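K.L.:
Mind looking over this structure? Questions follow.
Every number here is computed from the coordinates shown, using simple stated rules; none is lab data. The model shown is predicted, which means the values in this text are computed figures rather than measured ones. Because the Cβ atoms are built from the backbone with ideal geometry, glycine has one as well, and the counts that use them run over all protein chains shown.
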Amino acid sequence: MKPARTMYGLLAEFDSAEQLVQAARKTREAGYLRFDALAPFAVPGLDEAMDLPPTRIPLIFLLGGIIGGLTGFFMQVYAAVFSYPINVGGRPLYSWPAFIPITFELTILGAGLAGAFGMLALNGLPTPYHPLFNSPRFDLASQNRFFICVESADSKFNLTQTREFMRSLGPLDVSEVPG
């Protein structure tokens with residue numbers, strides 16, 4: 001007996017970024033919540049059209065920088081004052097101006113690493129396989145085409161109605177994406 005074929009969703013292909021933004025706005029207005037827009041480059045206004053929440057990447061950068069800077073500073077304080085105190089020329093053990101370069105460098109390192117790993121985590125990467133890779137024309141998403149994919153997991157998804165809605169957006173093609 002053959003297993004039942006599952007479907008990931010419907011994929012609409014567009015020719016320009018302007019068409020993609022308009023289609024994303026109409027898809028959101030139609031009540032679809034689980035859809036994605038895919039383009040070969042960043043499209044201005046697409047996140048507003050999809051009504052996406054603001055990104056948390058700047059906060060992750062800030063927290064990584066603060067943690068990195070504090071780690072660098074207190075590591076030097078611990079080494080100079082508690083672990084290995086050396087009195088050189090009568091200077092105080094806690095001389096914070098000497099700690100600034102390493103503190104700065106670890107602030108930048110912490111922010112960079114936190115931002116890189118935070119971006120990967122929020123994007124769900126690495127993803128070695130995604131159902132969209134099964135679509136024969138999806139490789140054009142990295143070259144010159146724009147796509148909207150409405151997932152079958154959406155509560156409003158109905159194959160015939162969703163297909164008709166996507167055709168009303170004026171795409172070049174609407175195709176099923178196997179799961």
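K.L.:
Gain in length, LEU140 to THR71, computed as 0.36 nm per residue apart minus the alpha-carbon separation, to one decimal in nm?
P.N.:
20.3 nm
K.L.:
What does the charge dipole of the chain about its Cα centre add up to, to the nearest 20 debye, if the Cβ of each Lys and Arg holds +1 and the Cβ of each Asp and Glu holds -1?
P.N.:
360 debye
K.L.:
Take ILE102 and THR55, extend 7 Å from each Cα along the Cα→Cβ direction, and tell me the distance between the two endpoints in nm.
P.N.:
Taking the simple label geometry, ILE102 and THR55 are separated by 3.3 nm.
K.L.:
Given R₀ = 45 Å, FRET efficiency for LEU63-VAL88 by Cβ-Cβ distance, to 0.05?
P.N.:
Result of the calculation: an efficiency of 0.80.
K.L.:
Compute a Gaussian network model of the chain, connecting alpha carbons closer than 10 Å, and tell me which residue from VAL88, VAL43, VAL21 fluctuates the most.
P.N.:
Of VAL88, VAL43, VAL21, the most mobile in the Gaussian network model is VAL88.
K.L.:
Another question about this same structure. What ranking do 137-145, 9-17, 29-37 get when scored by the average of other Cβ atoms within 10 Å per residue, highest first?
P.N.:
Listed from highest to lowest mean packing, they are 9-17, 29-37, 137-145.
K.L.:
Under a crude label model (7 Å from the Cα following the beta-carbon direction), how far is ALA30 from SER168 in nanometres?
P.N.:
0.7 nm
K.L.:
With unit charges on the beta carbon (Lys/Arg positive, Asp/Glu negative), name the residue among ASN158, PRO126, VAL81 whose Cα is farthest towards the positive pole of the charge dipole of the chain.
P.N.:
VAL81
K.L.:
Compute the acute angle (0 to 90°) between the alpha-carbon long axis of helix 100-122 and the principal axis of greatest extent of the alpha-carbon atoms of the chain; round to the nearest 10°.
P.N.:
Approximately 20 degrees, to the nearest ten.
K.L.:
How long is the gain from VAL81 to ASP154 if the chain were fully straight, where each residue apart is worth 0.36 nm and the alpha carbon distance is subtracted?
P.N.:
This chain segment gains 20.3 nm when fully extended.
K.L.:
Right, next: Tell me which label goes with the value of volume of the Cα convex hull per residue in Å³ computed from the coordinates here: [x] 146; [y] 124; [z] 178.
P.N.:
The calculated read-out lines up with [z].
K.L.:
Order these by the 10 Å Cβ neighbour count, fewest first: THR55, THR27.
P.N.:
THR55, THR27
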